[in-house]
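The values are calculated or read from the model by the stated rules, or taken from the named source; none is laboratory data. Everything numeric here is computed off the predicted structure, so don't read it as measured data. Positions of Cβ are generated from backbone atoms using ideal geometry, with glycine treated the same way; all protein chains shown enter the neighbour counts.
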Amino acid sequence: MKAQDTTIKKILEELQKVADSDKQNSNTIQVLMQSREIDNQTKYTLIKDNIINASETYYLLNKKIIDLKSRTTTNNLDVFITSLNNPESKELGFSLSDRIVELVEKIILKGKADKNDRNGGIIESTKSIINSPIFKSFTSLTPPLAIANSVMTFLHSVAQSNKAINKKSLQDFGKELNKYVIYYTALNDANQKFEFGLNFNKDQLNLLQDNLYDHLLFTVTALKMTPPNRGNKTIAETLNEFFIDFKKEKVIDYFTKLEEKYTSRGKLNYEKLLQENASLKEANNQLEDLVLQTKRFENLYNEYFSMLDSYHTKVNNSLKLAQDNGLAEKGIIETKQNEFRGLKNEAVNEIQASINIRELYTNVEKIKYRYRVL
């Protein structure tokens, strides 16, 4: 009996150990199951929040790309530069057209323009070149340079048959005319480099917009929405039309309906939702590229202001050349430099207010793209 009692006691102890072990295993399994559910919930919440915030980022980035693409300078800056380059303008206290005629009368004709028809004809021909419709149709900064070159060519031609116009007269005339050519060449160089920079900046913005379209196409497809159909439209037209309908509210509505679909008896099955909508994970993980695109826009945005600073410096240098060569008085040049500085600062403030880069920064900070979902 004692042996039996001992055996039964040992069996009971073993059974208790098994029972305790089962309970412990059961508790462990429950904890693991619960932690897995919490992990899936965390993943889903991260994905949902990121994509909702990204929907607004797409819209903001596209809007700001279009705004920056549309910028050249401003109307006031354009008017200022055009007036400086206009051969008829007296913004610097002189008119190039008048100065050329004066130089012809003084140096080439030695003040004898009114004493014979031949000299009067030279003056009239000079004025005719200056007022040629061909030069007036130019839209770039080349009219003054083209006029100067044409007048010099004309005078060299006349000198072949007019012995009163000697080599020294032509050299002296060319020397004085060259002072104006130097000024207008520097002004032309400033404008051309700024225009080249603007065109390059615009090309880069076009490329960025193409990349944005490709990225948006992937995300929209992951959300089982109708992607933007580009067709023969420009990228700007396509995205503008798409963003009329594709808004943050629509993405929120998508996730609301998705949650309703996977909710049973008041409980959302996060694991099943993620398994059957695996593209959402990839859409989330691709958001790192979207953030990099916003960084690229930031660089192009800053480059614009760098170009504007460089343009300001070059135009001021051309004005200084006009002063150094005695074309305009120091006070007039300083007034124009101050005016240009004010217009440049006005342009900077206007663009900064219009684009509002801080708005884009704030939105991008909401995207937690660094947490990749596996």
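What to note about this one:
- Residue within region 202-219 that is in contact with a Pro (Cβ under 9 Å, 6 or more places away or on another chain), under 29 Å from residue 80 (Cβ atoms) and in a helix (DSSP H, G or I) present: no
- Within region 151-173, residues that are loosely packed, with under 15 Cβ neighbours inside 10 Å have Cβ atoms under 8 Å from residues that are at pLDDT 90 or above in these pairs: 156/170, counting only partners at least 6 apart in sequence or on another chain.
- Qualifying residues in region 286-295 (those that are touching a helix residue (DSSP H, G or I) at 6+ places or on another chain (Cβ under 9 Å) and surrounded by fewer than 18 Cβ atoms within 10 Å (Cβ to Cβ)) - the one farthest from residue 76 (Cα to Cα): 286
- Residue match in region 132-143 (condition: more than 37 Å from the chain's Cα centre (by Cα) and free of Cβ contacts under 8 Å to residues at least 60 places away in the same chain): yes
- Condition met for residue 351 (buried (at least 18 other Cβ atoms within 10 Å of the Cβ) and of a type outside the set (S, T, N, Q)): yes
- Test result for residue 343, over 31 Å from the mean Cα position of the chain (by Cα), surrounded by 16 or more Cβ atoms within 10 Å (Cβ to Cβ), assigned by TED's automatic domain parsing to the domain that holds residue 201 and not small (Gly, Ala, Ser): no
- Hits in region 47-83 - residues which are of a type in the set (S, T, N, Q), part of a helix (DSSP H, G or I) and modelled with pLDDT under 90: 75, 76, 82, 83
- Screening residue 238 with (1) of a type in the set (Val, Ile, Thr); (2) within 30 Å of residue 306 (Cβ to Cβ); (3) touching a Lys or Arg at 6+ places or on another chain (Cβ under 9 Å) gives one miss only, at (2).
- Some residue of region 126-138 being in a loop (DSSP other than H, G, I, E, B) and either modelled with pLDDT of 90 or more or closer than 27 Å to residue 323 by Cβ (or both): yes
- Considering region 216-239, and only residues there that are under 19 Å from the mean Cα position of the chain (by Cα) and touching a residue at least 40 places away in the same chain (Cβ under 8 Å), the residue that is surrounded by the most Cβ atoms within 10 Å (Cβ to Cβ) turns out to be 239.
- Answer from 213, 262, 254 - the residue that is surrounded by 13 or more Cβ atoms within 10 Å (Cβ to Cβ) and either outside the structural domain of residue 64 (by TED's automatic domain parsing) or under 15 Å from residue 58 (Cα atoms) (or both): 213
- When residues in region 101-125 are screened for being within 17 Å of residue 159 (Cα to Cα), modelled with pLDDT of 80 or more and part of a helix (DSSP H, G or I), 12 of them pass.
- Tally of residues being small (Gly, Ala, Ser) and at positive phi across region 229-270: 2
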